[in-house]
Amino acid sequence: MDVYEAVRTRRAVRAFTSEPVPRAVLERVLAAAAWSPSGSNLQPWHVYIVTGEPLAELKRRTGGRVAEGTPWDEREYEMYPPALKSPYHERRSAFGKERYSALGITREDWEARQRAASDNWQCFGAPVALFCYIDRDMGRPQWADVGMYLQTVMLLLRAEGLHSCPQMAWSVYRKTVAEILSPPDGLILFCGMSIGFERVGADHVRTGRAPIEETVTFVE
């Protein structure tokens, strides 16, 4: 698979099989992803790979919290600006409409939306979860470095025939994740990522992209 195909076929998969992912494959991906760019080579990412019984226990604990309706953990960073201006507001709205329409869920069916969202914390059935942390004293450029690292990981997973789903949703259950991982106090959980083989036949939607005329300016 060349880079262009990896980019074209990468998407947030939300239905995985339980087929195990060989550790050797994960190690190969992460070793290669270490070459991702970062300012002054800080490499500000801290990654945990969770499988087997630890992942099963994490799913049980988050599932319990969802079932009990316990409040979310306070976020340690702002996921979106409080007031998204155009065109970002329209893009986010279009994504939500496409996502839930594909599941047959109407805008007014809040309970069904909540049930669909709860699949996040079961990793959509994936057998591997990646959790990415960053030191809380890092700045915006280092957060950007982490984003480039995660994109590299996702493209390398495609090269291995795997799929993924990056999930900022895990930030609202960061304390439960910390119960399993015991990260140092100085780290912030940025996101999780479900990793595995896609469940063939599952309903999915591939969200569109803005034409390059909206996002790219050529100066010649």
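The values are calculated or read from the model by the stated rules, or taken from the named source; none is laboratory data. Since this is a predicted model, take the numbers as computed values, not measurements. Here the Cβ is made from the backbone with ideal geometry for all residues, glycine too, and neighbour counts use every protein chain on show. Surface accessibility is based on the protein's heavy atoms, side chains included, excluding ligands, DNA and RNA. Shrake-Rupley method; radii C 1.70, N 1.55, O 1.52, S 1.80 Å.
Kindly provide the trypsin sites (Lys or Arg not before Pro) of segment 1-63 that DSSP labels as loop, not H, G, I, E or B, and whose Cβ sees at most 16 other Cβ atoms within 10 Å.
On the way: sites: Arg8, Arg10, Arg11, Arg14, Arg23, Arg28, Lys59, Arg60, Arg61; in loops: Arg10, Arg11, Arg14.
Qualifying residues, ordered by number: Arg10, Arg11.
Computed over the chain with a Gaussian network model linking Cα atoms closer than 10 Å, the most mobile of Gly125, Gly161, Gly186 is Gly186.
Gain on full extension, evaluated as 0.36 nm per residue between Arg136 and Trp72 minus their Cα-Cα distance, stands at 21.0 nm. Here the contact order of the chain, divided by its residue count and restricted to Cα pairs under 8 Å and six or more residues apart, works out to 40 percent.
For Ser164, what is the net charge nearby, where nearby means another residue's Cβ is under 11 Å from its Cβ and Lys, Arg count +1, Asp, Glu -1?
Working: positive: Arg10, Arg11, Arg14, Arg158; negative: Glu160, Glu198.
Neighbourhood net charge equals +2.
Before I look further, what does segment 114-160 give for accessible area per residue, probe 1.4 Å, in whole square angstrom?
Here the residues of segment 114-160 average 41 Å² of exposed surface.
To the nearest 0.05, what FRET efficiency results for Ser18 and Phe218 with a Förster distance of 45 Å applied to their C-beta separation?
Working: r = 47 Å, r/R0 = 1.04.
Approximately 0.45, to the nearest 0.05.
I'd like the carbon and sulfur percentage of the solvent accessible area for the chain, probe radius 1.4 Å, heavy atoms only, ligands and nucleic acids excluded. Mind showing how you got there, number by number?
On the way: 7070 of 13150 Å².
Of all accessible area on the chain, carbon and sulfur atoms account for 54 percent.
Ordering Pro81, Pro211, Val200 by Cα displacement along the dipole of the chain toward the positive end leaves Val200 in first place; charges were set at the Cβ atoms of Lys, Arg (+1) and Asp, Glu (-1). Scaling against 2.2 N^0.38 Å puts the C-alpha radius of gyration of the chain at 1.04.
Placing dummy labels 7 Å off each Cα toward the beta-carbon, the span from Arg92 to Met1 is 3.0 nm.
If each residue of separation counts as 0.36 nm, what is the full-extension length gain between Asn41 and Glu53 once their alpha-carbon separation is subtracted? Present the calculation step by step, with values, prior to reporting the outcome.
Numbers: separation 12, 0.36 × 12 = 4.32 nm, distance 3.45 nm.
0.9 nm is the gain from fully extending Asn41 to Glu53.
With helices as the sole contributors, the chain gives -12500 deg cm²/dmol at 222 nm; each DSSP H run of n ≥ 4 counts as -39500 (n - 2.57), and the sum is divided by every residue.
In a DSSP loop and with at most 15 other Cβ atoms within 10 Å, the chymotrypsin sites (Phe, Trp or Tyr not before Pro) in segment 167-219 are Phe218.
Among the helices of the chain, those built from whole DSSP H runs whose Cα atoms reach 20 Å or more along their own axis and whose mean Kyte-Doolittle hydropathy is at least -0.5 are 140-159.
Dividing the C-alpha radius of gyration of segment 1-60 by 2.2 N^0.38 Å, with N its residue count, gives 1.42.
Counting every Cα pair in segment 13-104, what percent are over 18 Å apart?
Details: 3097 of 4186 pairs.
Summing the P(r) tail past 18 Å for segment 13-104 gives 74 percent.
If R0 is taken as 30 Å, the Cβ-Cβ distance between Asp185 and Arg206 corresponds to a FRET efficiency of 0.15.
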